[in-house]
Each structure stands twice: as C-alpha cells, then as structure tokens.
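The values are calculated or read from the model by the stated rules, or taken from the named source; none is laboratory data. Being a predicted model, the structure only gives us computed values, none of them experimental. Reconstructed Cβ throughout: ideal geometry from the backbone, glycine too, with neighbour counts over all protein chains shown. Just the protein is used for accessible areas: all its heavy atoms, side chains included, with ligands, DNA and RNA removed. Shrake-Rupley method; radii C 1.70, N 1.55, O 1.52, S 1.80 Å.
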Amino acid sequence: NGQAVDVAATDTLAQVRDKINALAAQTGVRATVVTGGASDARLSLTSTGVGAASAFTVADVSGAVAGATLGLT
C-alpha cells in the first residue's frame with residue numbers, strides 16, 4: 001500500500017517536505033524540515049499513528065535521488 005513521491009535532484013528539502021505532506025492522509029507519514037544552523041537542514045519523517053501498524057519504509061525505487069542527493073539510506 002505504498003505511495004510514490006516524485007523527487008527531483010533539484011528539489012529543495014522544503015519541496016520534498018511539501019510533496020510528502022500532500023500525501024499524509026493516504027500514507028500516515030508527515031515530514032518536517034529541522035534546521036540546526038544556516039547550512040544544516042535535515043528532513044525528519046514521522047508516522048501520524050502509533051505502534052507497529054504505523055511503521056513505514058523509505059525506498060528509492062527509480063533512481064539515486066534519495067541516496068545520492070538526499071543522503072537517505
């Protein structure tokens with residue numbers, strides 16, 4: 001029951017956050033950009049539910065943007 005989020009190498013973290021949050025009602029996943037300084041921003045993903053039934057997985061299914069550009073592993 002996965003949902004795809006199309007992420008381009010040129011997308012900012014805010015744009016990725018907005019794309020994920022646009023699907024939050026279907027996926028149960030919310031995204032937030034957390035900043036630790038002028039050049040330190042990270043994308044935080046959280047479940048909108050609780051417990052094991054609300055777990056989620058991030059996968060790069062069609063390229064290298066998640067790993068190479070966003071640093072997701």
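Table for the structure above
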{"read-out": "Within the range 28-59, tally of residues that are open to solvent by less than 50 Å² (accessible area, probe 1.4 Å) and farther than 20 Å from Asp11 by Cβ", "value": "5"}
{"read-out": "Checking Leu45 against (1) of a type outside the set (Ser, Thr, Tyr); (2) modelled with pLDDT of 90 or more; (3) farther than 15 Å from Lys19 by Cβ, the condition it does not meet", "value": "(3)"}
{"read-out": "Odd one out for Val5, checked against (1) touching a strand residue (DSSP E or B) at 6+ places or on another chain (Cβ under 8 Å); (2) surrounded by 10 or more Cβ atoms within 10 Å (Cβ to Cβ)", "value": "(1)"}
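Each row is one residue, and each column tells you yes or no for (1) at pLDDT 90 or above; (2) among the charged types (D, E, K, R).
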site	(1), (2)
Asp6	no, yes
Thr12	no, no
Asp18	yes, yes
Ala22	yes, no
Val34	yes, no
Gly37	no, no
Asp40	no, yes
